[in-house]
Amino acid sequence: MTQTTGPDAPRASSRGSFLDEVKDAVTPRATLLVVGVVALHLLFIASYVGALHDPKPKDVPFGVVAPGAAARQTVARLEKLPGSPLDPRAVADAATARKQILDREIDGALIVSPSGADTLLVTTGGGKVLAATLVTLTTALEKSEARTLRTLDVAPADQEDANGLSSFYLAVGWCVGGYLCASIMVISSGAASSTPRRAVIRLLAMVVVGIVGGLGGALIVGPILGALPGGLAAYWGLGALIIFAVGAATLAFQGLFGLAGVGLVILLVVILGNPSAGGALPPPLLPPFWRAIGPALPPGAGTWAARSIAYFQGNDMTSALLVLSAWAVGGVAVTLLMATLRTRRRVTLGTAVRP
């Protein structure tokens with residue numbers, strides 16, 4: 001009778017061998033990573049569905065142009081609409097209303113005419129869903145009072161920007177480029193091996209990535225596809241800032257938390273940042289939580305700035321640019337600080353173990 005021996009021989013069955021095999025196949029580190037991924041994908045579902053499943057306008061900044069007491073009466077009627085969809089305020093005249101829309105102070109305006117033929121000013125460049133919502137609200141109000149309504153698009157979305165989403169996808173693409181490039185640089189050598197010199201090199205590399213990626217995105221949506229109006233230089237600068245800001249933040253999170261920092265970046269930029277960015281649904285249509293966090297995260301700030309360049313003559317970009325700059329400066333500071341602390345710790349431990 002022949003007995004098989006050697007490495008190819010089947011392992012003798014013993015009590016607990018299957019459990020040992022499980023421990024070998026799924027290490028504690030792998031278990032933690034799997035748990036983290038499961039948590040992230042469930043948060044992804046909750047965030048996107050929670051933000052986008054039931055759009056309802058809330059306190060949309062809205063102007064009213066009407067003579068004398070009619071302005072106060074119209075504002076009062078709009079304030080009493082169920083659910084407070086509008087935040088109406090009287091505006092001096094149609095020219096002022098148009099200017100405030102282009103300055104992104106209000107999202108629409110109703111011009112009331114003594115003849116009963118009123119005009120609604122909207123902007124599909126700021127979001128087609130929001131413009132359609134304002135049309136629906138005011139049309140119902142006008143019909144109830146036997147008035148007529150015509151709609152005028154003050155800042156129309158470009159014909160090549162069919163759903164008004166090009167600026168959103170442009171900003172999101174730049175964000176993805178930022179965190180992927182930064183993650184690859186650290187994962188390839190390990191976050192623990194970072195030194196101040198390596199941190200500076202990685203940050204400089206992100207500057208190069210930002211310049212190249214920003215120009216590439218600007219060329220794609222501009223001269224190549226013609227998807228968005230606006231100056232090439234403005235998009236280029238915005239793209240470079242977004243990519244570097246997200247990349248620097250990614251390096252900072254990895255410096256603080258190691259590999260888990262990648263998951264935190266995905267949580268902030270993708271899971272929370274994308275649905276709250278105002279792409280599919282402009283901010284006034286988002287639930288309160290997503291409306292509150294959107295402007296503070298890179299996708300939201302980037303989308304707002306890109307739309308301002310495309311359709312609003314570059315107006316009202318200061319806050320968005322400050323947000324992106326804060327992410328960039330904070331990312332640089334934390335990245336350099338963590339690299340310095342790690343280096344000092346290694347030196348201290350090396351000194352301590354010397355005989």
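Condition test on Pro284, is it at pLDDT below 95, part of a helix (DSSP H, G or I) and surrounded by 24 or more Cβ atoms within 10 Å (Cβ to Cβ)?
On the way: at pLDDT below 95: yes; part of a helix (DSSP H, G or I): yes; surrounded by 24 or more Cβ atoms within 10 Å (Cβ to Cβ): yes.
Yes: the conditions hold for Pro284.
Has the range 300-311 got at least one residue that is touching a strand residue (DSSP E or B) at 6+ places or on another chain (Cβ under 9 Å) and either crowded, with 20+ Cβ neighbours inside 10 Å or within 27 Å of Leu102 (Cβ to Cβ) (or both)?
Residues of the range 300-311 touching a strand residue (DSSP E or B) at 6+ places or on another chain (Cβ under 9 Å): none.
Within the range 300-311 (the criterion being touching a strand residue (DSSP E or B) at 6+ places or on another chain (Cβ under 9 Å) and either crowded, with 20+ Cβ neighbours inside 10 Å or within 27 Å of Leu102 (Cβ to Cβ) (or both)), the answer is no, since none of the residues qualifies.
Report, by residue number, each residue of the range 221-234 that is part of a helix (DSSP H, G or I), within 18 Å of Gln159 (Cα to Cα) and over 20 Å from the mean Cα position of the chain (by Cα).
Matches in the range 221-234: Gly222, Pro223, Ile224.
Working carefully through the options Gly210, Gly226, Gly231, find the one that is surrounded by 17 or more Cβ atoms within 10 Å (Cβ to Cβ), out of contact with any Ser or Thr (no Cβ under 9 Å at 6 or more places or on another chain) and of a type outside the set (A, V, I, L, M, F, W, C). Please lay out each step first, then the result.
Values: Gly226 fails: surrounded by 17 or more Cβ atoms within 10 Å (Cβ to Cβ); Gly231 fails: surrounded by 17 or more Cβ atoms within 10 Å (Cβ to Cβ).
Selected residue: Gly210, the only one of Gly210, Gly226, Gly231 that is surrounded by 17 or more Cβ atoms within 10 Å (Cβ to Cβ), out of contact with any Ser or Thr (no Cβ under 9 Å at 6 or more places or on another chain) and of a type outside the set (A, V, I, L, M, F, W, C).
Looking at the range 256-281, which of its residues are surrounded by fewer than 21 Cβ atoms within 10 Å (Cβ to Cβ) and not in a helix (DSSP H, G or I)?
Gly258, Leu259, Ala280
I'd like to verify a number: residues in the range 101-152 that are in contact with a Phe, Trp or Tyr (Cβ under 8 Å, 6 or more places away or on another chain) and of a type in the set (Asp, Glu), how many?
Selection size over the range 101-152: 2.
Could you please let me know if Arg89 is basic (Lys, Arg), surrounded by 17 or more Cβ atoms within 10 Å (Cβ to Cβ) and touching a Pro at 6+ places or on another chain (Cβ under 8 Å)?
Values: basic (Lys, Arg): yes; surrounded by 17 or more Cβ atoms within 10 Å (Cβ to Cβ): yes; touching a Pro at 6+ places or on another chain (Cβ under 8 Å): yes.
When the stated conditions are applied, Arg89 passes them.
When you scan the range 215-234, do you find a residue that is assigned by TED's automatic domain parsing to the domain that holds Pro298, within 20 Å of Ala326 (Cα to Cα) and in contact with a Gly (Cβ under 7 Å, 6 or more places away or on another chain), even just one? Don't jump to the end; show me each part of the working.
First, pick out the residues of the range 215-234 that are assigned by TED's automatic domain parsing to the domain that holds Pro298: 215-234.
Then drop every residue that is not within 20 Å of Ala326 (Cα to Cα), which leaves 234.
Add one more test, that the residue is in contact with a Gly (Cβ under 7 Å, 6 or more places away or on another chain), and what stays is 234.
Among the residues of the range 215-234, at least one is assigned by TED's automatic domain parsing to the domain that holds Pro298, within 20 Å of Ala326 (Cα to Cα) and in contact with a Gly (Cβ under 7 Å, 6 or more places away or on another chain), which makes the answer yes.
For the range 167-189, does any single residue satisfy the condition of being under 16 Å from Met206 (Cα atoms), crowded, with 23+ Cβ neighbours inside 10 Å, of a type in the set (Val, Ile, Thr) and touching a Leu at 6+ places or on another chain (Cβ under 9 Å)?
So far as the range 167-189 goes, yes, one or more of its residues are under 16 Å from Met206 (Cα atoms), crowded, with 23+ Cβ neighbours inside 10 Å, of a type in the set (Val, Ile, Thr) and touching a Leu at 6+ places or on another chain (Cβ under 9 Å).
Starting from the range 130-157, keep only residues that are free of Cβ contacts under 8 Å to residues at least 60 places away in the same chain and within 21 Å of Ala227 (Cα to Cα), then list their pairs with residues that are part of a loop (DSSP other than H, G, I, E, B) and among the small types (Gly, Ala, Ser) whose Cβ atoms are within a distance under 9 Å, requiring at least 6 positions of separation or different chains.
Once the first residue is free of Cβ contacts under 8 Å to residues at least 60 places away in the same chain and within 21 Å of Ala227 (Cα to Cα) and sits in the range 130-157, its partners that are part of a loop (DSSP other than H, G, I, E, B) and among the small types (Gly, Ala, Ser) give Ala131/Ala157; Ala131/Gly164.
Name the residues in the range 158-182 that are of a type in the set (S, T, N, Q) and either assigned to a helix (DSSP H, G or I) or more than 24 Å from Pro229 (Cα to Cα) (or both), would you?
So the first thing to find is which residues in the range 158-182 are of a type in the set (S, T, N, Q), and the list is 159, 163, 166-167.
Answer for the range 158-182, where residues must be of a type in the set (S, T, N, Q) and either assigned to a helix (DSSP H, G or I) or more than 24 Å from Pro229 (Cα to Cα) (or both): Ser166, Ser167.
If you scan the range 113-122, which residues turn out to be at pLDDT 95 or above and surrounded by 20 or more Cβ atoms within 10 Å (Cβ to Cβ)?
Of all residues in the range 113-122, those at pLDDT 95 or above come to 119-122.
Scanning the range 113-122 gives Leu120, Leu121, Val122.
The values are calculated or read from the model by the stated rules, or taken from the named source; none is laboratory data. If you're wondering where the values come from, they're calculated on a predicted model, not measured in any experiment. Cβ: placed from backbone, ideal geometry, glycine included. Neighbour counts: every protein chain shown.
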